[in-house]
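Peer 1: A single structure is presented below for examination.
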Amino acid sequence: MINIAKPVIGPEEKQAVMEVLDSGIIAQGPRTKAFEEAFASMCGVQYAIAASSGTTALHTALLAHKIGAGDEVITSSFTFIASANSVLYAGARPVFVDIDPRTFNIDVNHIEAVISERTKAIMPVHLFGLPCDMDAIMSIAQKYHLAVIEDACQSHAATFYGRKAGSFGTGVFSLYPTKNITSAEGGMITTNDLAVDESCRVIRNHGMRVRYYHDELGYNFRMTDVHAAIGLAQMGKLERFNAARQANARFYNENLRGVVTPYTPTDYGHVFHQYTIRVPDGQRDALREALKENGIGSEIYYPVPIHKQSFYVNELGYDLTLPETENAAREVLSLPVHPSLSREDLETVVNAVNHFMGG
Ligand SMILES: *Cc1c(COP(=O)(O)O)cnc(C)c1O
């Protein structure tokens, strides 16, 4: 079986975990601090704040930007549910904008049309490892005085004109096992804003600045040092993992026939969290079935856009049409692209796809 995702855990991670367990400090401590410093340096920002997951990191980042009841956050509907749910947790409302069909990312040409009095932030989601058009987004944000919270949960070390995803506004990363690097569960917030950094640290730890004095509502969103030890060991491998994903993607780009391969605009550094093709003419589900029969895992990210999820429709009253988002949900299929695929695995996938598509 060729799996769609596979975390790569080596002796370094195992040894680091054992050291933490032996150290007596297993909750948030020195490993978490070291992981935060390494992550900030990788991302090219001044501060990084670890959290218990990408979801809690998104929630924390929104609260640190004082987003709450009555506010609106502009984002994409073609993403994992956590992007929009985190806006709901903060008490605000996600406002969805259609995607650019070539990149699967938010179409920056549609953002200004949905800006209202209530708009507080833009949350671009760098989907599948490809950054959004951050020049356009930052200039809209500046013009309307909006915060930018980048959902970079799938884009560790991806670049936009040489600059890292998560370094433009406040960045948020996930460290879930399927992501480009993992800490088992975990998240990270990146920022150059000292006030945001301080606020995130307080929210993460029960609104506590002075021990057992609570000035605001906070949460337990801390990372443990056991998780940080895994994450820190993975940090040293990120560049190699991403290079392997990029090489796998290049092989697919050069060899796949009959499907639409991913588009990477010039000067964008795609890190291929997913390698997502479009399968035209309603053949997507049959191709997926054929791959499965050949022992090849594939996945649909995402079959139902957020604005069409039953909770959003029935409970929150969303009633809108986003044609490109809905088209993408019908046509996309993600193929295995993780770093531990062999050349033989890649050839197996290519042969199975091309055979099905009649190439
Ligand atoms: C994985 C992911 C999240 C949530 O991260 P968790 O660590 O699973 O909580 C949020 N947004 C996107 C785009 C993701 O892919």
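Peer 1: How large is the Kirkwood hydrodynamic radius of the chain, counting all unique pairs of alpha carbons, in Å?
Peer 2: Result for the chain, one decimal place: 20.9 Å.
Peer 1: With Cβ to Cβ distances under 12 Å as the rule, what net charge do the other residues near Leu256 carry (K, R +1; D, E -1)?
Peer 2: Counting the neighbours of Leu256, the net charge comes to +1.
Peer 1: Whenever you get a sec, compute what percent of the accessible area on the chain sits on carbon and sulfur atoms (1.4 Å probe).
Peer 2: Taking all protein chains in place, the chain shows 50 percent carbon and sulfur surface.
Peer 1: Please give the per residue accessible area of the range 97-205, computed with a probe of 1.4 Å over protein heavy atoms only, in Å².
Peer 2: For the range 97-205, the per-residue accessible area is 34 Å².
Peer 1: Sorted by mean Cβ packing within 10 Å, highest first, what order do the peptides 85-91, 4-10 take? Walk me through the intermediate numbers first.
Peer 2: Working: 85-91: 20.1, 4-10: 15.4.
Order by mean packing, descending: 85-91, 4-10.
Peer 1: Next question. Could you grab the relative contact order for the range 120-186? Cα pairs under 8 Å, six or more apart, rounded to a whole percent.
Peer 2: The value is 29 percent.
Peer 1: Sticking with this one: Accessible area per residue, 1.4 Å probe, Å², for the range 238-357: what's the number?
Peer 2: Result: 48 Å² per residue.
Peer 1: With an 8 Å cut-off on Cα pairs and a minimum separation of 6 or more residues, tell me the relative contact order of the range 11-235 in percent.
Peer 2: Values: 506 pairs, mean separation 64.2, N = 225.
After rounding, I find 29 percent.
Peer 1: Sort the following peptides by mean Cβ neighbour count (other Cβ atoms within 10 Å, averaged over residues), highest first: 52-64, 262-274.
Peer 2: Working: 52-64: 26.3, 262-274: 19.2.
In decreasing order of mean packing, 52-64, 262-274 become 52-64, 262-274.
Peer 1: What pairs in Lys33/Lys143; Lys33/Lys164; Lys33/Lys120; Lys179/Lys292; Lys120/Lys237; Lys143/Lys308 have C-alpha atoms more than 29 Å from each other?
Peer 2: Among Lys33/Lys143; Lys33/Lys164; Lys33/Lys120; Lys179/Lys292; Lys120/Lys237; Lys143/Lys308, the Cα-Cα distance tops 29 Å for Lys33/Lys143; Lys33/Lys120; Lys120/Lys237; Lys143/Lys308.
Peer 1: Okay, helix-only estimate at 222 nm for the chain: each DSSP H run of n ≥ 4 adds -39500 (n - 2.57), divide by all residues, round to 500 deg cm²/dmol; what do you get?
Peer 2: -11500 deg cm²/dmol
Peer 1: Sort 121-129, 217-225 by the packing proxy (mean of other Cβ within 10 Å over each peptide's residues), most packed first.
Peer 2: Packing proxy ranking, top to bottom: 121-129, 217-225.
Peer 1: How big, on average over all directions, is the shadow cast by the Cα convex hull of the range 238-357, in nm²?
Peer 2: 9.0
Peer 1: What are the aspartates and glutamates whose alpha-carbon lies under 15 Å from the alpha-carbon of Lys6, with same-chain residues fewer than 8 places away excluded?
Peer 2: Glu185, Glu299, Asp345
The values are calculated or read from the model by the stated rules, or taken from the named source; none is laboratory data. This is a predicted model, so every value here is computed, not measured. Cβ coordinates were reconstructed from backbone atoms using ideal geometry, including for glycine residues, and neighbour counts include every protein chain displayed. Quick note on the areas: whole protein, heavy atoms, side chains included, nothing else; ligands and nucleic acids left out. Shrake-Rupley method; radii C 1.70, N 1.55, O 1.52, S 1.80 Å.
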